[in-house]
Amino acid sequence: MAIAIVDYGMGNLHSVSKAVERLGYEGLVTGGASAILGADGVVLPGVGAFGDAMAHLRGTGLDTVVRQAAANGTPLLGICLGMQLLFDESEEHGRNEGLGLLPGRAVRFAGGSYKVPHMGWNRLAFLQPESPLLAGLDEGYVYFVHSYHVEPQAAADLLAVTDYGHPVTAIVGRNNVYGMQFHPEKSGELGMSLLRSFLALAQGDGLS
């Protein structure tokens, strides 16, 4: 089974690929449309600025490819900035349009009594423990590094939150589209278990 890790010039490609391989799957780092559309699952990583990432995706045509993969029903996972890209827009450096796969927007932390960026280990609280991504897992700590957080429009899309001065979106999901604000491959046992759950979905276990 092949998992396409979308290479659009911005992302933690090596660490995600190695994590996928450690879990017994083939991690294919690619910017090729046919490879992405032919994969059993797609991971959209991301590190950097939202607007730059969308410019790279549009410039390579990969925005259309990722949307098509999602429309085809292929399990799709956005990681960190990749999760934010799944949504309609971000206010980072002015308004920037996202992929529009999930309704909502990314906004900057207000700061105040807590530091920005949000960096470090924070505990997840599962809002929908029956989700196929979370089923059988216990709440625990994962590793975050981000200055912007997502405000989903639909409460049903919110699978897990963490607390950083207020509830912060940590995991989202709708049908075959999922996102994790933290880096699962850098988040110890729980992070790898969450990644394993996504890979099981890509293998066909748990998706109706």
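Quick notes on this one:
- Once the Kirkwood radius over Cα pairs is known for the chain, the Stokes-Einstein relation at 4 °C and 1.567 mPa s delivers a diffusion coefficient of 78 µm²/s.
- Under Karplus coefficients 6.51, -1.76 and 1.60, residue-wise ³J(HN,Hα) of the range 191-199 in Hz, glycine/proline x: x, 5, 5, 5, 5, 4, 4, 5, 5
- GluC sites (Glu not before Pro), loop per DSSP, at most 15 other Cβ atoms within 10 Å - longest free stretch of the chain: 1-90
- Anisotropy class of the range 1-73 from Cα gyration tensor, a/c 1.5 cut: oblate
- Whole-angstrom gap from the range 184-204 to the range 1-47, using each part's C-alpha centre: 14
- Each of Leu86, Gln68, Gly38 was scored by the projection of its Cα onto the charge dipole of the chain, and the greatest displacement toward the positive side belongs to Leu86; charges sit on the C-beta of Lys, Arg, Asp and Glu.
Bear in mind these aren't lab numbers, they're just calculated from the coordinates by the rules spelled out. As the structure is a prediction and not an experimental result, all values here were calculated from the model. Backbone-built Cβ (ideal geometry, glycine too); neighbour counts: all protein chains shown.
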